[in-house]
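I have placed the structure first, in the form of structure tokens, so that the comments after it can refer back to it.
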Amino acid sequence: MRTIYTTEHISVDGVRVLGIDRLSPKMRAWVASNRRRLLATVTLPERVTAQMLARFDDKPVRQAFFMIRKRCYFLDFFFPERMTAVEIDGSVHKLKKAHDRRRDADFRSIGIRTIRIKNNDVMDGKLYDKLFKRLIGKEQETKYMNIIYENNQGRKEEGRAHIHHADD
């Protein structure tokens, strides 16, 4: 049975999930230090996404830590109930495609789906198309469309009339 370490309380079939309290004191200090640094140095697209997600019923965990196959990862946003990670990718990710593929595969191996959103898509008001349609269910779509509209008031290209469904 494979073992992972995480800051989150999740259950994965066939995987032993242990808290970071089972790591060495030095490793726990490293995790805490890096998590604090990541939370203190968020990018503008991460901040925009966090503000939007804060209005939803499902609150994501910011910078959740996971150690999978002895590789350490922090997730920009993690929804434990949905077993879904959301990563906001800046331009540096163009150079890290192999790393991102391995990372996504590691998370898939423990049942966590990764949704990757480019910084430009966040800043161009494409969160709805790139994230929310994939994250939320149809029954909640109208509620979230109204939140998107409220956040985009004054930005003509993103008004309620311009939000379309994938099946249109």
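Scan the stretch 54-61 and tell me whether some residue there is outside any helix (DSSP H, G or I) and under 24 Å from Arg102 (Cβ atoms). I'd like the intermediate steps shown before the answer.
Filtering the stretch 54-61 down to residues outside any helix (DSSP H, G or I) leaves 54-61.
When the remaining residues are screened for being under 24 Å from Arg102 (Cβ atoms), the result is 60-61.
Taking every residue of the stretch 54-61 in turn, at least one turns out to be outside any helix (DSSP H, G or I) and under 24 Å from Arg102 (Cβ atoms).
Scanning the stretch 42-65 for residues that are loosely packed, with under 13 Cβ neighbours inside 10 Å and either among the acidic types (Asp, Glu) or within 10 Å of the chain's Cα centre (by Cα) (or both) yields a single hit, Asp57.
Taken as a whole, the stretch 75-89 holds at least one residue that is under 21 Å from Ser11 (Cβ atoms), of a type outside the set (Phe, Trp, Tyr) and touching a residue at least 60 places away in the same chain (Cβ under 8 Å). Pairing residues of the stretch 1-18 that are in a strand (DSSP E or B) with residues that are modelled with pLDDT under 85 and of a type in the set (A, V, I, L, M, F, W, C), at Cβ distances under 6 Å and at least 6 apart in sequence or on separate chains, gives Arg16/Met1.
Would you confirm whether any residue within the stretch 13-36 is surrounded by fewer than 16 Cβ atoms within 10 Å (Cβ to Cβ), closer than 21 Å to Ile115 by Cα and either of a type in the set (A, V, I, L, M) or in contact with a helix residue (DSSP H, G or I) (Cβ under 9 Å, 6 or more places away or on another chain) (or both)? Looking for residues that are surrounded by fewer than 16 Cβ atoms within 10 Å (Cβ to Cβ), closer than 21 Å to Ile115 by Cα and either of a type in the set (A, V, I, L, M) or in contact with a helix residue (DSSP H, G or I) (Cβ under 9 Å, 6 or more places away or on another chain) (or both), one finds none in the stretch 13-36, hence no.
For the stretch 87-96, indicate whether the set of residues that are in contact with a Gly (Cβ under 7 Å, 6 or more places away or on another chain) and assigned to a loop (DSSP other than H, G, I, E, B) is non-empty.
Quick first cut of the stretch 87-96, residues in contact with a Gly (Cβ under 7 Å, 6 or more places away or on another chain) only: none.
No, because not a single residue in the stretch 87-96 is in contact with a Gly (Cβ under 7 Å, 6 or more places away or on another chain) and assigned to a loop (DSSP other than H, G, I, E, B).
When the residues of the stretch 1-12 are filtered to those that are over 13 Å from Cys72 (Cβ atoms) and of a type in the set (Val, Ile, Thr), which remaining residue is surrounded by the most Cβ atoms within 10 Å (Cβ to Cβ)?
Pass one, the stretch 1-12, residues over 13 Å from Cys72 (Cβ atoms): 1-3, 8-12.
With of a type in the set (Val, Ile, Thr) added as a condition, the list becomes 3, 10, 12.
Details: Thr3: 12, Ile10: 17, Val12: 15.
Here the residue is Ile10.
Looking across the stretch 66-85, the residues that are buried (at least 23 other Cβ atoms within 10 Å of the Cβ) and either assigned to a loop (DSSP other than H, G, I, E, B) or among the aliphatic types (A, V, I, L, M) (or both) come down to Leu75, Ala85.
For (1) basic (Lys, Arg); (2) closer than 24 Å to Met1 by Cβ, each residue gets a yes or a no:
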{"site": "Ala64", "(1), (2)": "no, yes"}
{"site": "Arg71", "(1), (2)": "yes, yes"}
{"site": "Ala85", "(1), (2)": "no, yes"}
{"site": "Val92", "(1), (2)": "no, no"}
{"site": "His99", "(1), (2)": "no, no"}
{"site": "Arg103", "(1), (2)": "yes, yes"}
{"site": "Asp106", "(1), (2)": "no, yes"}
{"site": "Gly111", "(1), (2)": "no, yes"}
{"site": "Val122", "(1), (2)": "no, no"}
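The values are calculated or read from the model by the stated rules, or taken from the named source; none is laboratory data. Quantities reported herein were computed from a predicted structural model and do not represent experimental measurements. Positions of Cβ are generated from backbone atoms using ideal geometry, with glycine treated the same way; all protein chains shown enter the neighbour counts.
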